[in-house]
Amino acid sequence: MKRRDFIKDVTIGGFLFSFNPSLLAEANGPPDLTLVQGESPAQITKEAISLLGGMQRFVSKGDVVLVKPNIGWDRTPEQAACTNPEVVAALVTLCLESGAKEVKVMDNPCNPARRTYARSGISAAAKKAGANVLLPNNHRLKKISLKGEWLKEWEVYTDFVEADKVINAPIAKTHSLSRLTLGMKNWLGAIGGNRNQLHQKIDQAMIDLSAFFKPCLTVLDGYRILIRNGPQGGRLSDTELHQTVVAGIDYVAVDSLGATFFGLGPQDLRFLQLAKQKGYGESDLEQLKIEKRKI
Amino acid sequence: MTRFPGEDYIGRVEIFFHFDPLLALATLIASREVFFSFILAVVTIGLTFVLGRVVCGWICPLGAVHQFFSFIFKKSKLLLPKKRDPGPLAWKYYLLIFILAGSLFTLDLVGILDPLSLLYRSFAVSLLPVLSHVSTAFVSLLYQVNLSSLGDIIVQFFGKLAINATFRQGFFIGILFVGLVLLNIKRERYWCRYLCPLGALLGFISRWNVLKLKIDPKKCIECHLCSIHCQTEASPFPEEEWKSSECDYCFTCSAICPTSAIGFLPKASPEGVPQVNFSRRRLISTALFGVIAVPFFRFSPSSKRTSPKLIRPPGSLPEETFLQKCIRCGECMKACPTNGLQPALSEAGPEGIWTPILIPTIGYCEYYCSLCSQVCPTGAIKELTVAEKLQVTIGTAWVDKNRCIPYNLGTPCIVCEEHCPTSPKAIKLVKTEVKQPDGTIKTPAGPVIDLDLCIGCGICENKCPVVDAPAIYVTSVGESRSEKNQLLLDLLKPGEDF
């Protein structure tokens, strides 16, 4: 750098800095996280993405996108054990509008896939929106090096690896071991093998898997959340109408904001602490630019 | 074909069983109860009464299988029909008498030999699983040679069929079926001629049918081709010896006749129709044998004390009545979305062989599913709505603390609790003190079962990470259908004191 350039830069920088810092932030573009509340799950999902800069920011023309909802259990949408079907459908629509060549929707449920896909309402809603809804196909499982701290390698559905873009669409629920299941826990549904052995070090498994799958976008469904008896619930009294969707690129940040639905923070959740330590994202909400809106 | 679309209700896929008069009759006698759906058997009886055993020749799917293989064996010269070759036509009548005599004393063995039951069971637990395994092997090959898109199509197709591919007695049941098919090498349609008890029952009914064989004596050149190639040994030639009770109206005789001398015409029954030769002594001794067999099938300890492994599908009637009605057709095993329903071997005594039991290490009872009860053709599993099913307990879960991960290693594991489908959960996590090998103490949360809430679905056992012998397992005690197989007298609620 020449001396002249240096002086020029410092002058311009100093000039800009003398103004309100928010101007600078505006100029830096969209927020880290968006949180939208409202009556319609589809509307709040669309608004959250649009505040984040629109789906075009994440999905390019001709992309094959894989949306990974939580379709873990044989439960209806009212029971809030699986991602709200309208949220999933809205994401599919947005991806297709942004020029995606194909949008796949897939999960590896705990109960038989055929049942969970049907009862959760996700299969019908996503198909209607134009998605290719795939049942997990064990022929497509492949042992892949995850390069995690604990999980060195595991059987992964290759659909997740082959897709151009992966969008994580979890639901916010309680869980008896990790306390909450949000975005990072959702990746246990992208793998096969003896998943039930991961529970011996669940937090470590969660961050290893998240770091491997690295979604381009995480959209947390908090329309109905499961506040007890998780992760399956059952009674309607286990759920709470929260009418919120959170979206962001930094999945650690999304989970941190999701934790506040339950009155919890990074100090309560080991997976958030581990993820921050490893530098996978920001769990301190003070450090994040969050745009909230009610519609 | 019963298959599982992922919906809660499946429709009347089991209806074809209700056309079977043998199942209707034996179940009616054994259970002394009218199951209304079997009214459809009247159609078959009526048809046989008027037209003879056309059902055997033209409708019965097992008959079709045997006919097909007889055809193959004849074409490949493995089977060479002979001119005079009388076989034991009476056997099937003895079998029928044996079954019905047993039914009289509430022993319902009809499902073992009834052709529809036998066929469906063989397909459900053996042949379709074989097909599924073949397709899996083939698809693996396709993926290996990078033809994955073709593989995907095949996987999707088989996914739609929803074939349960794991059956612990599939090999045995499959071998029996193959054996029956191979008998066609010995005689054409061997099963239909000599063994089929339904054929025997229809044979009884068809004695008086109106459609009779007629040979034109002017045309007949007495070549015997008709009798040689008769599929069921009804001996069309000479006309006077033709047994209408054995004829399945395949019309092979009239087709093969070089001079077209054979026809079938409506005719009133003449006196003294030629019959299969029964020995009256045999008939009576078979009936007696059927009666004696009843205690023989029942002196196993299973009637005294329920086996812990005898976990019946939800909605099953109390054991005694269940056995009187279950025809071991395998419908429930085919419909079960987790593949957990399996044919019993010894759990229910010799009488209960191939009746359905839940084996949680293979598959568990899905919480919101009542498909097995919907497809049961005899009501041995009482039809339940999903809401009704939720009220049914089929067993109770127990933790084996000697094997459970938290209780032994002090390491967290909540898999059983996570999967427990009831709300509130029947498995609670309670902190416990665990001594480590070095003498230090850890305090992980371990599973504790709330017996009041446990329904015995077995998902805990199925998902337990202690894979070889799960550290949590279900036994039949506490099942709603039994008065005796209970843990606690319901006089006091657990926790309440005197």
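Residues checked against (1) part of a helix (DSSP H, G or I); (2) of a type in the set (S, T, N, Q); (3) within 30 Å of B:LYS382 (Cα to Cα):
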position	(1), (2), (3)
B:VAL65	yes, no, no
B:ILE72	yes, no, no
B:LYS82	no, no, no
B:LEU89	no, no, no
B:TYR94	yes, no, no
B:PHE98	yes, no, yes
B:LEU107	no, no, yes
B:SER117	yes, yes, yes
B:SER126	yes, yes, yes
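The residues listed here are B:LEU283, B:LEU265; of these, the one that is surrounded by fewer than 19 Cβ atoms within 10 Å (Cβ to Cβ), aliphatic (A, V, I, L, M) and within 32 Å of the chain's Cα centre (by Cα) is B:LEU283. Can you confirm whether B:PRO444 is surrounded by 16 or more Cβ atoms within 10 Å (Cβ to Cβ), modelled with pLDDT under 95 and within 14 Å of chain A (Cβ to nearest Cβ)? It is true that B:PRO444 is surrounded by 16 or more Cβ atoms within 10 Å (Cβ to Cβ), modelled with pLDDT under 95 and within 14 Å of chain A (Cβ to nearest Cβ).
Entry remark, the stretch B:334-352: residues being in contact with a strand residue (DSSP E or B) (Cβ under 6 Å, 6 or more places away or on another chain) and within 14 Å of chain A (Cβ to nearest Cβ) number 2 in total. Residues in the stretch B:426-440 that are in contact (Cβ under 8 Å) with a residue 12 or more places away in the chain and either in contact with a Lys or Arg (Cβ under 8 Å, 6 or more places away or on another chain) or more than 13 Å from chain A (Cβ to nearest Cβ) (or both): B:THR432, B:VAL434, B:GLN436. Quickly run through the stretch A:91-103 and pick out the residues that are away from chain B (no Cβ under 14 Å) and either touching a strand residue (DSSP E or B) at 6+ places or on another chain (Cβ under 7 Å) or closer than 18 Å to A:ILE225 by Cβ (or both). Matches in the stretch A:91-103: A:LEU91, A:VAL92, A:CYS95, A:LEU96, A:ALA100, A:LYS101, A:VAL103. Residue count for the stretch B:387-425 under the criterion of being more than 10 Å from chain A (Cβ to nearest Cβ) and under 24 Å from A:ALA80 (Cβ atoms): the result is 3. Take B:LEU345 and decide whether it is over 18 Å from B:VAL477 (Cα atoms) and part of a helix (DSSP H, G or I). No: the conditions fail for B:LEU345.
Does A:VAL252 count as more than 13 Å from chain B (Cβ to nearest Cβ), more than 21 Å from A:ALA90 (Cβ to Cβ) and of a type in the set (A, V, I, L, M)? Here the answer is yes, as A:VAL252 does meet what is asked. Specify the residue that is surrounded by the fewest Cβ atoms within 10 Å (Cβ to Cβ); the eligible residues are those in the stretch A:116-142 that are within 14 Å of another protein chain (Cβ to nearest Cβ) and charged (D, E, K, R). Among residues in the stretch A:116-142 that are within 14 Å of another protein chain (Cβ to nearest Cβ) and charged (D, E, K, R), the one surrounded by the fewest Cβ atoms within 10 Å (Cβ to Cβ) is A:LYS142.
Scanning the stretch A:223-249 for residues that are assigned to a strand (DSSP E or B), within 14 Å of chain B (Cβ to nearest Cβ) and either under 28 Å from A:GLY53 (Cα atoms) or of a type in the set (Val, Ile, Thr) (or both) gives a single hit, A:THR239. A:ALA113 fulfils the conditions (1) modelled with pLDDT under 95; (2) more than 11 Å from chain B (Cβ to nearest Cβ); (3) out of contact with any helix residue (DSSP H, G or I) (no Cβ under 8 Å at 6 or more places or on another chain) except for a single criterion, (2).
Taking every residue in the stretch B:230-252 that is free of Cβ contacts under 8 Å to residues at least 60 places away in the same chain and among the β-branched types (Val, Ile, Thr) and pairing it with any residue that is assigned to a loop (DSSP other than H, G, I, E, B) and surrounded by 24 or more Cβ atoms within 10 Å (Cβ to Cβ), at least 6 positions away or on another chain, the pairs with Cβ-Cβ distances below 8 Å are B:THR252/B:CYS230; B:THR252/B:GLN231. With respect to (1) more than 29 Å from B:CYS416 (Cβ to Cβ); (2) touching a strand residue (DSSP E or B) at 6+ places or on another chain (Cβ under 7 Å); (3) among the acidic types (Asp, Glu), the lone exception for A:ASP238 is condition (1). When restricted to residues that are within 14 Å of another protein chain (Cβ to nearest Cβ), crowded, with 23+ Cβ neighbours inside 10 Å and in a helix (DSSP H, G or I), the stretch A:161-187 contains 1. Summed over the stretch B:361-386, residues that are part of a loop (DSSP other than H, G, I, E, B), touching a residue at least 40 places away in the same chain (Cβ under 8 Å) and away from chain A (no Cβ under 11 Å) total 12. At least 2 residues being farther than 18 Å from A:TRP187 by Cβ is the threshold, and among the strands (runs of 3 or more DSSP E) wholly inside the stretch A:61-157 those reaching it are A:102-106, A:132-134.
Only one entry in B:THR355, B:THR393 is more than 21 Å from B:LEU451 (Cβ to Cβ) and out of contact with any strand residue (DSSP E or B) (no Cβ under 6 Å at 6 or more places or on another chain), namely B:THR355.
When B:ALA137, B:ALA165 are checked against the criterion of being within 14 Å of chain A (Cβ to nearest Cβ), outside any helix (DSSP H, G or I), surrounded by fewer than 18 Cβ atoms within 10 Å (Cβ to Cβ) and at pLDDT below 95, a single residue qualifies: B:ALA165. On the stretch given as the stretch A:259-291, residues that are of a type outside the set (Ser, Thr, Tyr) and assigned to a helix (DSSP H, G or I) total 14. Restricting the stretch B:57-83 to residues that are in contact (Cβ under 8 Å) with a residue 24 or more places away in the chain and among the basic types (Lys, Arg) leaves a set whose member that is farthest from B:SER279 (Cα to Cα) is B:LYS74.
B:GLY349 meets each of the listed conditions (1) within 20 Å of the chain's Cα centre (by Cα); (2) among the small types (Gly, Ala, Ser); (3) more than 24 Å from B:ALA165 (Cβ to Cβ); (4) crowded, with 23+ Cβ neighbours inside 10 Å apart from (4).
The values are calculated or read from the model by the stated rules, or taken from the named source; none is laboratory data. All of these numbers come straight from a predicted model, not from anything done at the bench. FYI the Cβ positions are ideal-geometry reconstructions off the backbone, even for glycines, and counts take in every protein chain you see.
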